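The values are calculated or read from the model by the stated rules, or taken from the named source; none is laboratory data. Values in this document were obtained by computation on a predicted structure and should not be read as measured data. When we count neighbours, we look across all protein chains shown, and the Cβ atoms used for this are built from the backbone with ideal geometry, even at glycine. Only protein heavy atoms, including side chains, enter the accessible area calculation; ligands, DNA and RNA are left aside. Shrake-Rupley method; radii C 1.70, N 1.55, O 1.52, S 1.80 Å.
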Amino acid sequence: MNAPGSSQFLSNCTVDTLDQAARALQSGSLIAFPTETVYGLGADATSAQAVARIYDVKGRPADHPLIVHIPGLDSLEIWTSDFPRYAISLARDFWPGPMTLVLPRSATARDFITGGQKTVGLRVPAHPLALGLLHAFKKIGGLGIAAPSANRFGQVSPTTAQAVEEEIGHYLSPIDFILDGGSALVGVESTIIDCTGDSPRILRHGAITKEMIKESTGLNVSETEESDIRVSGSLEKHYSPAAKVILNAMAESGEGFIALSSIPTPRGAIRLASPATTDEYARVLYAALRSADAQGIEKIAVIPPEGEGLALAIQDRLLRASRGRSAQ
Ligand code: TXA
Ligand code: MG
């Protein structure tokens, strides 16, 4: 294992930085990079060796599939064998953006990417550094960048480069980079849409909402039932800070508290965030959970925003965070 912080932390990234990072990707480095949702930990998606390093750094089981990030719609055909017409509507309407499409894979998407499944998850991210890196990588022959969120398995996704450094810096090597692109604008992970059936199915809620998907495709949109998620066993340890998260409760003295700004802080509680809107709630949530851990707070009372759309994504992540701890 390397000394802490032994990767290269790069702020003020230029075109040259991105060319350098793209070349490093090609020779097996890991590049942590900003996206508009959360920071990703990237590797050349065609290299079994480089992708194996992602699993090492994350401490993630190897049968979990990874999202392949691509520079644009043109790359769809490289990674998929087939796509329904509604997937093209979605891609045209929401890429680059916070949306991942699950499609039948081509031979380029190997088992080490798909976890042995017959599908592959694809996304064109909107953050200029992510897109710049993808285009620089394409210029030298790269086909795509596999990138999960840049956190240890089961932990909260990082929304700043500093959070990436704290979370996984210790596990990176001197050949690896962390690209600093500021705070993520959306703050929760992309909407994942299964496009293998006759109509779209939401596998994970995010900023691209059910209404938007309906509007784009003109089709009925289904959602994965909670029971399906539970069966997959993925619920136990996801999006969890070290602190215990309690939902829809008022904090007691000395406990952390996260709620919309319209809800006052209970006496003696430590206010971790008071976002004014649902969008802001998504943007600040993960940093607030992290700051609880940094302050050694053991319990966080959280009042999630009500409603549909992005509020659903926040409710979903918070439910997982709350169950993650109570299951242990
Ligand atoms: O916003 C995001 O999606 C971020 C940024 C970095 O792009 N990435 C991200 O990756 O959240 P990750 O690996 O932390 O979460 C991706 C989820 C996993 O739960 C994985 O199981 C699911 O996507 N996934 C990936 N490929 C899939 C596939 N072929 N079929 C079903 N689920 C898939
Ligand atoms: Mg993740």
Could you check which residue among 152, 23, 204 shows the biggest mean-square fluctuation in a GNM of the chain with a 10 Å Cα cutoff? 23
Jot down the radius of gyration and Dmax of the range 244-321, Cα atoms only, both in angstrom. 11.3, 33
Of 16, 93, 316, which has the most accessible area with a 1.4 Å probe, and how do the rest follow in descending order? 16, 93, 316
Range of Cα positions in the range 1-77 per principal axis (Å), largest first: 41, 35, 26
Put +1 on the Cβ of every Lys and Arg and -1 on every Asp and Glu Cβ in the chain; which of 151, 261, 278 then has its Cα farthest towards the positive end of the dipole? 151
Point-charge dipole on Cβ atoms (K/R +1, D/E -1) for the range 244-321, about Cα centre, debye to 20: 200 debye
If the only charges are +1 at each Lys and Arg Cβ and -1 at each Asp and Glu Cβ, what is the size of the charge dipole of the chain around the Cα centre, to the nearest 20 debye? 360 debye
With a Förster distance of 30 angstrom and the Cβ-Cβ distance between residue 224 and residue 27, calculated FRET efficiency to the nearest 0.05 equals 0.20
Heavy-atom SASA rank of 99, 250 (probe 1.4 Å, accessible area, largest first): 250, 99
Cα gyration tensor of the range 15-223 diagonalised, 5x eigenvalues square-rooted, in angstrom largest first, produces semi-axes 26, 18, 16
Could you please state how large a percent of the accessible area of the chain is carbon and sulfur, counting protein chains only and using a 1.4 Å probe? 50 percent
Let's test the formula: R0 of 35 Å, r as the Cβ-Cβ distance of residue 56 and residue 267. What FRET efficiency results, to the nearest 0.05? 0.15
Please work out the C-alpha center-to-center distance from the range 11-58 to the range 246-321 and express it in whole Å. 31 Å
So for each of 48-54, 318-324, 260-266 I average, over its residues, the number of other beta carbons within 10 Å; can you give me the resulting order with the highest mean first? 318-324, 48-54, 260-266
Rank 57, 76, 288 by how far each Cα sits towards the positive end of the charge dipole of the chain (+1 on Lys, Arg Cβ; -1 on Asp, Glu Cβ) and give me just the farthest. 57
With +1 on the Cβ of every Lys and Arg and -1 on the Cβ of every Asp and Glu, the dipole magnitude of the range 6-148 about its Cα centre, in debye rounded to the nearest 20, is 140 debye
